[in-house]
Amino acid sequence: MVISLIIYSLLEKKLRSAFIQSGELFVDKLGKDTSKPTIRQIFNSFLGINLHYTEYNGVIVQEKMANMTPLQHQVLRIMGSAYILMYADKNNGGELVWRPL
């Protein structure tokens with residue numbers, strides 16, 4: 001439990017410093033702007049993302065991330081390329097693509 005809290009606080013610290021360095025603001029669910037979002041706010045903003053696989057003859061031929069919002073794109077861009085790669089479209093040259101359903 002202690003290790004998970006340490007990771008949680010380190011991630012929050014990294015996130016907040018990235019927002020401050022970028023000069024951008026995070027808009028929470030109440031519509032308030034902040035440069036110091038909590039990690040819980042960020043986690044909640046990523047709810048609803050879907051990963052869709054297209055399978056042909058038992059082989060995954062396409063993988064798409066859907067329901068990404070502009071806010072999620074903003075967070076990934078601020079956090080850096082390692083985070084963008086986790087959500088990038090492998091079928092579109094590794095580009096971060098916004099595909100609302």
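The values are calculated or read from the model by the stated rules, or taken from the named source; none is laboratory data. In this text the structure is predicted, and so the values were computed from the model without any measurement. As a convention, Cβ positions derive from the backbone with ideal geometry for all residues, glycine included, and neighbour counts pool all protein chains shown.
Within region 47-68, which residues are surrounded by 15 or more Cβ atoms within 10 Å (Cβ to Cβ) and either under 24 Å from Leu5 (Cα atoms) or more than 12 Å from the chain's Cα centre (by Cα) (or both)? Explain how you work it out, then say what you get.
Applying the first criterion (surrounded by 15 or more Cβ atoms within 10 Å (Cβ to Cβ)) to region 47-68 yields 64-65, 67-68.
Answer for region 47-68, where residues must be surrounded by 15 or more Cβ atoms within 10 Å (Cβ to Cβ) and either under 24 Å from Leu5 (Cα atoms) or more than 12 Å from the chain's Cα centre (by Cα) (or both): just Lys64.
Listed here are the residues, each with its yes/no results for (1) touching a Phe, Trp or Tyr at 6+ places or on another chain (Cβ under 9 Å); (2) modelled with pLDDT under 75; (3) outside any loop (DSSP other than H, G, I, E, B); (4) over 22 Å from Asn44 (Cα atoms).
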site	(1), (2), (3), (4)
Ile60	yes, no, yes, yes
Lys64	yes, no, yes, no
His73	yes, no, yes, no
Arg77	yes, no, yes, no
Tyr83	no, no, yes, no
Trp98	no, yes, no, no
Leu101	no, yes, no, no
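Taking Leu47 as the residue in question, decide whether it is without any contact (Cβ under 8 Å) to a residue 12 or more places away in the chain, within 15 Å of His73 (Cα to Cα) and either touching a Ser or Thr at 6+ places or on another chain (Cβ under 8 Å) or of a type in the set (Asp, Glu) (or both). No; evaluated as a whole, the condition is false for this residue. In region 13-35, of all residues being assigned to a loop (DSSP other than H, G, I, E, B) and charged (D, E, K, R), the one that is farthest from His73 (Cα to Cα) corresponds to Lys32.
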